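Here is the structure we will look at, set down as structure tokens.
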Amino acid sequence: MERTLVIIKPDGMERNIIGDVIKRFESADLRIVGLKMIKADLSLMKKHYPDSMIPILGEKSVKAGAKVKDVNKQGKRVLGWLRKFMMSSPVVAMVLQGENAVKKVRQIVGSTDPSEADVGTIRADYSNDSIAVANAENRTVRNIVHASGSLDEAKKEISIWFKDNEIFG
């Protein structure tokens, strides 16, 4: 049994779709073993979205069509937008457990760029945003949820958001 982290971001909270998002995971036979609403601060965001993400975020911008001279500078801008957005309202963090939980959750949520997400995924169904539009508007993409990308990432992220005594199962 694997565990993974999912965060319903401020746009999901604002849209009042917490129950709809959770239902997608429960319907896929994933069990919630940790759940809380939290207002993230900068310290938490720096742990969750570390500076090491700068080149990755810069490359995502380029892939989405952004014309940038310095990928790292662009990545730093995107990271700042992302951290600020995630601190703009409370979020719901949850630990999900199940067979192949990381892969299953990634399939349910869809591509990080909602414009590339498959129909039927959370990001395709609930977000009309794209990385290209977000870059043009100098903000982070609003894609409803964060989901750990690998088992190692999930273990690290769960430890950032949850204490051992906050996970049951």
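The values are calculated or read from the model by the stated rules, or taken from the named source; none is laboratory data. Remember, predicted model here, so these are calculated numbers, not experimental data. Note: ideal-geometry Cβ built from the backbone for every residue, glycine included; neighbour counts use all protein chains shown.
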Restrict the check to the stretch 2-13 and report whether at least one residue is more than 18 Å from ASN138 (Cβ to Cβ) and either assigned to a helix (DSSP H, G or I) or of a type in the set (Phe, Trp, Tyr) (or both).
yes
Working carefully through the options MET87, MET53, MET45, MET37, find the one that is surrounded by fewer than 14 Cβ atoms within 10 Å (Cβ to Cβ), farther than 17 Å from ARG123 by Cβ and either small (Gly, Ala, Ser) or touching a residue at least 24 places away in the same chain (Cβ under 8 Å) (or both).
MET37
Just to be sure before I move on: is ARG15 in contact with a helix residue (DSSP H, G or I) (Cβ under 8 Å, 6 or more places away or on another chain), in contact (Cβ under 8 Å) with a residue 24 or more places away in the chain and of a type outside the set (Ser, Thr, Tyr) in the structure I sent?
yes
Residue within the stretch 29-47 that is basic (Lys, Arg), out of contact with any Pro (no Cβ under 9 Å at 6 or more places or on another chain) and farther than 14 Å from VAL95 by Cβ present:
yes
Got at least one residue in the stretch 9-16 being over 15 Å from the mean Cα position of the chain (by Cα) and on the phi > 0 side of the Ramachandran plot?
yes
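State yes or no: is GLU153 under 23 Å from LEU44 (Cβ atoms), at pLDDT 95 or above, acidic (Asp, Glu) and within 14 Å of the chain's Cα centre (by Cα)?
Numbers: under 23 Å from LEU44 (Cβ atoms): yes; at pLDDT 95 or above: yes; acidic (Asp, Glu): yes; within 14 Å of the chain's Cα centre (by Cα): yes.
It is true that GLU153 is under 23 Å from LEU44 (Cβ atoms), at pLDDT 95 or above, acidic (Asp, Glu) and within 14 Å of the chain's Cα centre (by Cα).
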Return the pairs, sorted by first residue and then second, in which the second residue is among the acidic types (Asp, Glu) and crowded, with 18+ Cβ neighbours inside 10 Å, the first residue lies in the stretch 57-75 and is in contact (Cβ under 8 Å) with a residue 60 or more places away in the chain, the beta carbons are less than 7 Å apart, and the residues are 6+ apart or on different chains.
ALA64/ASP113
Within the stretch 116-142, track down each residue that is within 22 Å of SER88 (Cβ to Cβ) and not aliphatic (A, V, I, L, M).
ARG123, TYR126, SER127, ASN128, ASP129, SER130, ASN135, GLU137, ASN138, ARG139, THR140, ARG142
Of all residues being part of a helix (DSSP H, G or I) and of a type in the set (Val, Ile, Thr) in the stretch 14-59, which is nearest to ARG77 (Cα to Cα)? Just the residue, please.
ILE54
Condition check for ALA66: of a type in the set (Gly, Ala, Ser) and over 30 Å from MET1 (Cα atoms)
yes
Checking GLN74 against (1) surrounded by 15 or more Cβ atoms within 10 Å (Cβ to Cβ); (2) within 17 Å of HIS146 (Cβ to Cβ), the condition it does not meet
(2)
Regarding ASP118, is this residue among the charged types (D, E, K, R) and touching a residue at least 12 places away in the same chain (Cβ under 8 Å)?
no
